[in-house]
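What follows is a set of notes on a single structure, which appears directly below.
The values are calculated or read from the model by the stated rules, or taken from the named source; none is laboratory data. All of these numbers come straight from a predicted model, not from anything done at the bench. In this analysis, Cβ positions are derived from the backbone assuming ideal geometry, glycine residues included, and neighbour counts consider all displayed protein chains. SASA here: full protein model, heavy atoms, side chains in, ligands and nucleic acids out. Shrake-Rupley method; radii C 1.70, N 1.55, O 1.52, S 1.80 Å.
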Amino acid sequence: MQSAVNIVEDLRGLEGADDAYIWRALQSANMNALRIALYHETNDPELTNMPVDHVPVQGGALTAHSLPKKYHEIIREKAFAYLKSGALPRDPPTKKEAAELMTLFTGYPPTEGEINFGYEDLAFQEFSRDAKWTNARPDAADDFSVTIIGAGFSGIAAAIQLDRLGIKYRIIERMGDISGTWELNDYPEARVDVSNFLYQYKFVKNYPWKSYFAPRDEIKEYANFIVDTFNLRPHISLNTTLKAATWNEATKMWELDVDGPDGVQERIVSNLIFSCAGLFSTPNLPEIEGIETFEGKMFHTTQWDHGYDYRDKNIALIGTGSTGSQLLPALAAKGANVTVYQRTPQWVMPIKGYHARVTPEKHWLLRNFPGYWNWFVYSNYIGSMQVQQVQDIDPEWEAKGGQVNEKNALLRQRLTEFINHELASRPDLLVKMVPQYPPMGRRLVIDNAFYKTLLKDNVELVTDGIKGIDQNGIKTNDGTKRRHDLIVLSAGFKVSQYLWPVSYTGSKGVTLENAWAKDGARAYLSITMPDFPNFFMYYGPTGQVRGGSFHSWIEVTTRYVCGLVIEMIERGANTVEVKRQSFQEYNDLMDSLYPKMLWTRNDGGLGYFFNEHGRVITNMPFGTDYFYSRVEKADPENFNFE
């Protein structure tokens, strides 16, 4: 079993550095994170008497926890003296000590949920979210196996945990390589829209990121590093597609029919299924009249043809969501002209340093100052948790004529100012680019020079609806016909089609179509559902949590699911299935809270958050504290074991 601690030591290197280099490293520090790490090592009381400034970010919608500049040099001098002293690092803080340090970091005491989740995210333990046997591993575990669907980050985390428990598993992946959505999306300019120091596992410390916001290839390097470090590759079957999975009542096993890489069909028999197919796995192909008649080149962004040279071509880009806006600069840089077809304007948010590289000095500090990496990661976590503050509807604010709440209004003002600044020279574009719905009604788009690219001479924005496509171009509702050599479909994903196109049949012959016929996909805790025993989903229906790291929630989900598997095996049971009453009560509670969220309003922007029944299908209404309290550990009282 691979140890995360050994990985850390391999990464550190502990290379030497002269004084000038150390000073440059300290210049790169997040001062608040450095202060907290230094205080834990030295107990210097002067560090506790430095007030925290709550600096408005994005117009005051969010807050940065910063230190006044007059203290920066003091902290650097103390940190330099500590490093030069040769003092050995103290033991990591206990949870109680960490809670006190969290208060010092933000200037206010954290809630119990923030303490528990935050302490795990600080990752002082080797595996801060480990699922463990109650006593020694029981021999009965030898008889159990798990089939994991998908080799993205969810499937990888599940496999690592199962390996630590000594439970047999196999990952089947329909694509030709690992990393899930990052294998699927290889279009130019593909890049994460959150910091890598948030978008990472916590059981691998100090991974040497090259960028603060990694491009697609760097994310794939990270995924390959994890897979090889934990020796998962022998357990992965690539180019293997699950066609159908059927629960066998007699054997209490799942029977999975798959097509292998050479077309050979195989039946896998497994005790449990962990579906890690993900939310963004089924491309959405727009239904446009005549689309099949186009004689030029056309492809979806998830099916990018790298053999096609779009240099000096007349290009159409349909869609301006996260992918389309990210892609546009690359198309405009090479294409003769680019016509951008926009149906709905997006809120686009600038992020300082979106293309910045992590300097060697920064890496040195992260590796060599005890605790700094942990608190720097924490600074990213605590910032992400604030997003939910702009999503709750404030009736008093709306009674005064506002939309959603004050923080949402501040964000709207800031983003509108950004649009006005970027497009000041083009008032004709301004009227087309300011959304009427409030920010967060749709997914926020991170700016990748989108507006600047719209100003280029070879770029045209079209907001008239598309009437149809013929053999050589696109015709809009105003009667204009534009010729194109290439049409890029950036229409997103069919996120409401969970688990599609696999045919799942649970107990008593119940299919997904039966289970979800009324108003679309539902689950208990977004993870499991009645009539489908021994079946667990990652990032299932309404599984998009409102704050925190994607990878952290994967780890939480993995611990929860494996906790139920442990309970089943230790009880001597063969099946675990959520109680129908528990499933219903959870969904009733969820439905009762949605009216308090901006997504369910007519001015909420609609978009992929909704399914064809008009119900929110992606985002959960719960705050992170509450949801974490539900999934922090397995809850066997809500399940039937047989």
**OP:** Work from the charge dipole of the chain (Cβ charges, +1 for Lys and Arg, -1 for Asp and Glu, about the Cα centre) and give the residue of 261, 337, 308 farthest towards its positive end.
**Re:** 337
Original post:
If you count the DSSP beta bridges with both ends in the chain, what percent of them are antiparallel, to the nearest 5?
Top reply: 50 percent
Subject >> Computed label-point distance, nm, for sites residue 108 and residue 641 using a 7 Å Cα→Cβ extension >> reply: 4.1 nm
**OP:** Note down, for segment 46-106, the three equivalent ellipsoid semi-axes (square root of 5 times each alpha carbon gyration tensor eigenvalue), biggest first, whole angstrom.
**Re:** 26, 18, 9
Original post:
For the chain, what is the relative contact order in percent, using Cα pairs closer than 8 Å and at least 6 residues apart in sequence?
Top reply: 18 percent
**OP:** Over 17 Å, how big is the tail of the calculated P(r) for segment 285-356, in percent of all Cα pairs?
**Re:** 52 percent
Original post:
Rounded to the nearest 500 deg cm²/dmol, what is the calculated helix-only ellipticity per residue at 222 nm for the chain, with -39500 (n - 2.57) per DSSP H run of length n ≥ 4?
Top reply: -10000 deg cm²/dmol
Subject >> Globularity ratio of segment 190-257, using Cα Rg and 2.2 N^0.38 Å >> reply: 1.60
**OP:** Quote to one decimal, in nm, the extra length available between residue 23 and residue 285 on full extension: 0.36 nm per residue of separation minus the C-alpha distance between them.
**Re:** 89.0 nm
Subject >> Electrostatic dipole magnitude of the chain [Cβ: Lys, Arg +1; Asp, Glu -1; Cα centre; debye, to 20] >> reply: 1080 debye
**OP:** For segment 533-606, would you read off the P(r) tail past 21 Å as a percentage of all alpha carbon pairs?
**Re:** 45 percent
Subject >> Where N is the number of residues in segment 558-599, Cα Rg divided by 2.2 N^0.38 Å >> reply: 1.65
Subject >> Within segment 41-59, backbone nitrogen closer than 18 Å to the virtual label 7 Å beyond the Cα of residue 70 toward Cβ >> reply: 46-55
Original post:
How are the Cα pair distances of segment 398-449 distributed, in percent, across 10 Å bins from 0?
Top reply: 21, 52, 24, 3
**OP:** Report, ordered by chain and residue number, the lysines lying within cross-link reach of residue 205, taken as a straight Cα distance under 19 Å and ignoring same-chain residues fewer than 8 apart.
**Re:** 95, 220, 362
**OP:** Any chance you could get the radius of gyration and Dmax over the Cα atoms of segment 253-379, in Å?
**Re:** 22.5, 62
Subject >> Computed FRET value (nearest 0.05) for residue 510 with residue 351, which takes r as the C-beta separation and R₀ as 51 Å >> reply: 0.70
**OP:** Whenever you get a sec, compute what percent of the accessible area on segment 249-397 sits on carbon and sulfur atoms (1.4 Å probe).
**Re:** 49 percent
Original post:
From largest to smallest, what semi-axes in whole angstrom does segment 4-156 give when each is the square root of 5 times an eigenvalue of its alpha carbon gyration tensor?
Top reply: 36, 22, 17
Subject >> Candidate lysines for bridging to residue 168, where Cα separation is under 16 Å - those fewer than 8 sequence places away on the same chain excluded >> reply: 132
Original post:
Can you list the lysines whose alpha carbon is less than 27 Å from that of residue 456, not counting same-chain residues fewer than 8 positions off?
Top reply: 297, 313, 334, 352, 432, 467, 475, 481
**OP:** May I ask you to give the percent of accessible area on segment 136-209 that is carbon plus sulfur, with a probe radius of 1.4 Å?
**Re:** 49 percent
Subject >> Packing rank of 373-385, 583-595, where each peptide gets the mean count of other beta carbons within 10 Å, highest leading >> reply: 373-385, 583-595
Subject >> Magnitude of the charge dipole, segment 77-141, Cβ model with Lys/Arg +1 and Asp/Glu -1, debye to 20 >> reply: 220 debye
**OP:** Starting from the Cα of residue 303, step 7 Å along the direction of its Cβ; do the same at residue 80; then give the gap between the two resulting points in nm.
**Re:** 6.0 nm
Subject >> With 5 Å bins from 0: P(r) over segment 376-509, alpha-carbon pairs, percent >> reply: 2, 7, 11, 13, 14, 15, 13, 10, 8, 5, 2, 1, 0
**OP:** Restricting things to alpha carbons, tell me how big segment 432-538 is in terms of Rg and Dmax, in Å.
**Re:** 21.3, 62
**OP:** Taking H placed 1.01 Å from N in the peptide plane, check which residues at least 5 places from residue 145 or on another chain put their amide H under 5 Å from its amide H.
**Re:** 271, 272
Original post:
Quick one: if the Förster radius is 22 Å, what FRET efficiency do residue 594 and residue 517 give, using the C-beta to C-beta distance and rounding to 0.05?
Top reply: 0.60
Original post:
Which one, (i) 30.7; (ii) 28.3; (iii) 37.7, gives mean projected area of the Cα convex hull in nm² as derived from the coordinates shown?
Top reply: (i)
Original post:
Where only protein heavy atoms count, and the probe is 1.4 Å, what is the accessible area per residue for the chain in Å²?
Top reply: 41 Å²
